[in-house]
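Note sheet for the following structure.
The values are calculated or read from the model by the stated rules, or taken from the named source; none is laboratory data. Given the structure is predicted, the values throughout are model-derived calculations rather than measurements. Quick reminder, even Gly has a Cβ in these numbers, built from the backbone with ideal geometry, and neighbours come from all protein chains shown.
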Amino acid sequence: MALGPRLDLRTAQTLVVSPQLQAAIRLLTLSNMELQAELEAELERNPLLDLSDDGTAEVATAEPASSDPGAMDETLAAEDGAHPASDLDMDLDAERFHHDCASDSGGSTTEEFSFDQVEAGAETLAEALERQAAGLDGLTHAIVLHLISAIDEAGYVTEPIAEIAERLGVSLGEVEAALAIVQRFEPTGVGARSLAECIALQAREADRYDPCMRVLIDNLDLVARGDLAQLRRLCDVDADDLADMLRELRSYNPKPGLIFGGGSAPSIVPDVFVRRTPKGWSIELNAGTLPRLVVNRQYQVRLQAHAAQMNGKGRAERQYVEGCLSQAHWLMKALDQRATTILKVATEIVARQEGFFTHGIRALRPLTLRAVADAVDLHESTVSRVTSNKYLSCERGVFELKYFFTTGIHSADGAADASSETVRVRIRALIDGEEPLKPLSDDKLVELLRLDGHDIARRTVTKYREAMGIPSSFDRRRRALVRAA
């Protein structure tokens with residue numbers, strides 16, 4: 001057989017993700033607040049898109065689910081931006097509730113938003129330190145400002161001062177002098193390079209930094225281990241004096257910068273509201289955070305008329321208008337499908353975790369993404385995107401949708417499973433209720449959990465305890481001894 005180049009034709013099926021499908025997947029992943037920013041950018045790009053008069057989407061009651069849970073509603077009018085709601089018992093619920101607060105059970109408010117209602121942001125640690133450094137000038141002021149920028153939210157200098165001196169091109173003594181100025185600022189203890197230095201600054205401010213206290217602060221590792229006998233020998237004090245010193249030590253703040261809080265924390269805006277009604281559980285999307293999109297028909301007609309008057313030269317204008325109109329229709333259809341998908345997944349989660357909404361964390365059941373995906377006839381990756389960065393508000397609080405997906409722990413009789421989150425909460429409750437000087441060991445926790453019907457191994461209890469940041473029984477007892485001293 002001769003060897004040589006040849007040209008063959010072959011047919012094969014490949015999965016191609018179109019740009020519009022990629023955009024639809026991205027919209028599904030966004031939370032309501034992120035989607036709001038995305039829509040605002042789209043309003044800037046597309047001249048045919050506009051907001052409705054009220055600027056918000058209306059909430060309509062959903063029709064009963066069809067027998068095909070995977071069917072999407074493909075009918076969407078150009079101006080239709082309504083988001084559906086759902087009831088678990090599939091009864092239509094005419095009662096609506098106010099979206100501004102999950103605790104509101106009905107009715108609407110006539111109060112309008114006012115900027116006077118927005119609280120001014122609290123002063124941050126950096127702002128407080130810069131305000132106190134305003135009286136300085138020259139090189140010292142510049143070094144102090146640089147040191148302030150190197151202080152973390154807890155109040156500690158995060159960079160070695162030798163590196164700061166080298167970067168600024170000044171001597172180490174000048175940086176140390178500037179650091180001494182910063183350490184005299186409020187709150188006391190700020191600008192420290194270690195925990196011992198932070199405590200020492202506060203002890204000097206309280207005029208308690210005597211030789212015994214200095215030795216105690218230099219041996220904070222012994223305090224952490226609860227080695228009271230060694231501390232008494234090093235400090236050369238009796239038990240009563242050591243107890244007074246430990247009490248004084250506990251009054252100091254190891255993270256003084258946190259009293260400023262680092263600025264206002266962003267609030268969580270729920271994407272789904274769940275409330276109890278006489279007919280069952282009502283699930284609604286939070287449409288109040290999303291603008292209602294409509295097509296500006298008047299502007300569309302004006303653009304089309306202008307293109308028609310250009311005597312054949314308006315082809316590019318016509319293509320641009322048609323592209324904007326097509327993009328606007330697709331976007332509103334994609335938003336409707338997104339709302340339908342989120343509502344469908346949230347309804348299934350509430351149906352499977354109804355015990356949680358009725359009885360609390362003890363009734364939380366194991367749940368997987370695949371189980372929900374099979375129930376609503378969606379791909380598992382789609383359910384994962386729906387539940388990412390989405391929050392559900394109910395009478396028990398605000399929870400991320402991912403919170404309701406937990407692994408299962410087999411019960412003692414093997415007849416039912418318990419959620420791993422339920423077991424974690426039970427472990428924390430048992431430890432919170434223990435006697436400080438007689439902490440529960442992991443073996444004892446296993447016995448108590450077995451009485452509750454959770455037959456799990458000791459290593460599992462240890463894993464859950466460490467994941468929650470709870471020390472061992474030995475460390476808890478040692479800390480209790482220090483507090484008792």
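Taking into account only those residues within region 267-293 that are modelled with pLDDT under 85 and among the β-branched types (Val, Ile, Thr), which is farthest from Leu48 (Cα to Cα)? Ranking the candidates gives Ile268 first.
Okay, residues lined up against (1) at pLDDT 90 or above; (2) of a type in the set (A, V, I, L, M); (3) surrounded by fewer than 16 Cβ atoms within 10 Å (Cβ to Cβ):
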residue: Asp116; (1), (2), (3): no, no, yes
residue: Leu125; (1), (2), (3): no, yes, no
residue: Ala142; (1), (2), (3): no, yes, yes
residue: Ile164; (1), (2), (3): no, yes, no
residue: Val190; (1), (2), (3): yes, yes, no
residue: Ser194; (1), (2), (3): yes, no, yes
residue: Ala200; (1), (2), (3): yes, yes, no
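Restricting attention to region 187-200, the residues being within 35 Å of the chain's Cα centre (by Cα), assigned to a helix (DSSP H, G or I) and touching a residue at least 12 places away in the same chain (Cβ under 8 Å) number 4.
Considering region 361-379, and only residues there that are part of a loop (DSSP other than H, G, I, E, B) and charged (D, E, K, R), the residue that is modelled with the highest pLDDT turns out to be Asp377. Answer yes if at least one residue in region 406-416 is on the phi < 0 side of the Ramachandran plot, assigned to a helix (DSSP H, G or I) and loosely packed, with under 15 Cβ neighbours inside 10 Å, and no otherwise. No, region 406-416 has no match at all. For region 323-360, the tally of residues that are modelled with pLDDT of 85 or more and within 30 Å of Arg426 (Cβ to Cβ) stands at 14. Pairs are defined by a Cβ separation below 8 Å, a sequence spacing of at least 6 or placement on different chains, a first member in region 210-236 that is more than 26 Å from Ser472 (Cβ to Cβ), and a second member that is surrounded by fewer than 14 Cβ atoms within 10 Å (Cβ to Cβ); the pairs so defined are Cys212/Asp236; Cys212/Asp241; Cys235/Asp241. The conditions of being touching a Pro at 6+ places or on another chain (Cβ under 8 Å) and closer than 17 Å to Tyr252 by Cβ are met by Ile199.
Note on region 1-26: residues that are at pLDDT below 85 and either surrounded by 15 or more Cβ atoms within 10 Å (Cβ to Cβ) or among the aliphatic types (A, V, I, L, M) (or both) amount to 11. Of all the residues in region 136-189, those that are under 21 Å from Ala203 (Cα atoms) and in contact with an Asp or Glu (Cβ under 7 Å, 6 or more places away or on another chain) number 1. Taking the options Thr340, Thr422, Thr382, Thr358, name whichever one is of a type in the set (Val, Ile, Thr), out of contact with any helix residue (DSSP H, G or I) (no Cβ under 8 Å at 6 or more places or on another chain) and either assigned to a loop (DSSP other than H, G, I, E, B) or over 20 Å from Ala287 (Cβ atoms) (or both). Among Thr340, Thr422, Thr382, Thr358, only Thr358 is of a type in the set (Val, Ile, Thr), out of contact with any helix residue (DSSP H, G or I) (no Cβ under 8 Å at 6 or more places or on another chain) and either assigned to a loop (DSSP other than H, G, I, E, B) or over 20 Å from Ala287 (Cβ atoms) (or both). Output the residue which, of all residues in region 211-227 that are among the aliphatic types (A, V, I, L, M) and either outside any helix (DSSP H, G or I) or more than 41 Å from the chain's Cα centre (by Cα) (or both), is nearest to Ile199 (Cα to Cα). It comes out as Met213. If you filter region 280-320 down to residues that are among the small types (Gly, Ala, Ser) and surrounded by 13 or more Cβ atoms within 10 Å (Cβ to Cβ), you find that the one that is nearest to Leu335 (Cα to Cα) is Ala287. In region 144-159, which residue that is in a loop (DSSP other than H, G, I, E, B) and in contact (Cβ under 8 Å) with a residue 24 or more places away in the chain is surrounded by the fewest Cβ atoms within 10 Å (Cβ to Cβ)? Result: Asp152. A Cβ distance below 6 Å, combined with a sequence gap of six or more or placement on separate chains, defines the contacts here; from region 387-405, residues that are free of Cβ contacts under 8 Å to residues at least 24 places away in the same chain reach residues that are surrounded by 14 or more Cβ atoms within 10 Å (Cβ to Cβ) and part of a strand (DSSP E or B) in the pairs Phe399/Leu392; Glu400/Tyr391.
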